[in-house]
Amino acid sequence: MTKRHVAFAAVALLIAVALAWLVLIPNYRPGLRSGEVYGIDVSHHQGEIDWAAVAADDISFAYIKATEGGDWVDTRFEQNWSEARAVGLNVGAYHFFRTCTDGALQAENLLRVVPDVPSLPIAIDVEGHGRCGEGVTDADIRRELETLVDVVEAERGPVVFYVLEGFDAFEDVFADRERWQRSIGLRPSNDDWYVWQQSFTAAVDGIDGPVDLNIGSGRVTDS
């Protein structure tokens, strides 16, 4: 093979990879099994959303970021929440847990912002372990997490957990609650998930740019 042929082959490979990344992967959706539905999760990072177009693109539910820590509120939560509900989507709110913030304050922030109306269970996003300062122990983090969950569940019922790596020490806190499982590209090997995050680069009508694509189990449909 000549150098010219090698160069052409390399360019063709790069084009194929770019095509897969920009077109094929974002537009791929795994087949649904009985009772499953497509959904998304969004925050202010997605900007202005045309929710009617989202609903028309076979999206049935949306988790919408509401709060983070003890005082932060997503600037687009109220608009996203009301507009998604208006077009008939099943909606839920999620809160980003801050490992170093008082759990009661986090619960107060969340409950103040999220309307007390029929919706999907509130989701608690647990990630970013290790951001705490010196002297903060797993026991400290556990205390604030359990406080947050206890207060929220007392007011709104059972929560759903989205958990990334680094929180093995708290598995007993998550064990008996619904899980939002991250498994990019591949269907999870287990069937006990409530929501499965399949992609973080999906293309969905009505949203400018990539968005997380989720698959909801039959329990989401029943909510």
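The values are calculated or read from the model by the stated rules, or taken from the named source; none is laboratory data. The structure displayed is predicted, hence computed values, not measured ones. Because the Cβ atoms are built from the backbone with ideal geometry, glycine has one as well, and the counts that use them run over all protein chains shown.
Residues considered: Ala104, Ala86, Ala139. Of these, the only one that is surrounded by fewer than 21 Cβ atoms within 10 Å (Cβ to Cβ), more than 30 Å from Tyr38 (Cβ to Cβ) and modelled with pLDDT of 95 or more is Ala104. Scanning the range 151-189 for residues that are assigned to a loop (DSSP other than H, G, I, E, B) and either closer than 22 Å to Pro30 by Cβ or among the basic types (Lys, Arg) (or both) turns up Leu164, Arg177, Ser183, Ile184, Gly185, Leu186, Arg187, Pro188, Ser189. Restricting attention to the range 108-150, which residues are of a type in the set (Asp, Glu) and either assigned to a helix (DSSP H, G or I) or within 15 Å of Phe96 (Cβ to Cβ) (or both)? Residues satisfying the conditions are Glu108, Asp125, Glu127, Asp138, Asp140, Glu144, Glu146, Asp150.
Each row is one residue, and each column tells you yes or no for (1) under 20 Å from Leu89 (Cβ atoms); (2) in contact with a Cys (Cβ under 7 Å, 6 or more places away or on another chain); (3) among the aliphatic types (A, V, I, L, M).
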{"residue": "Val173", "(1), (2), (3)": "no, no, yes"}
{"residue": "Asn190", "(1), (2), (3)": "no, no, no"}
{"residue": "Ser199", "(1), (2), (3)": "yes, no, no"}
{"residue": "Ala203", "(1), (2), (3)": "yes, no, yes"}
{"residue": "Ile207", "(1), (2), (3)": "yes, no, yes"}
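Of the set (1) out of contact with any Ser or Thr (no Cβ under 8 Å at 6 or more places or on another chain); (2) at negative phi, all apply to Trp193 but (1).
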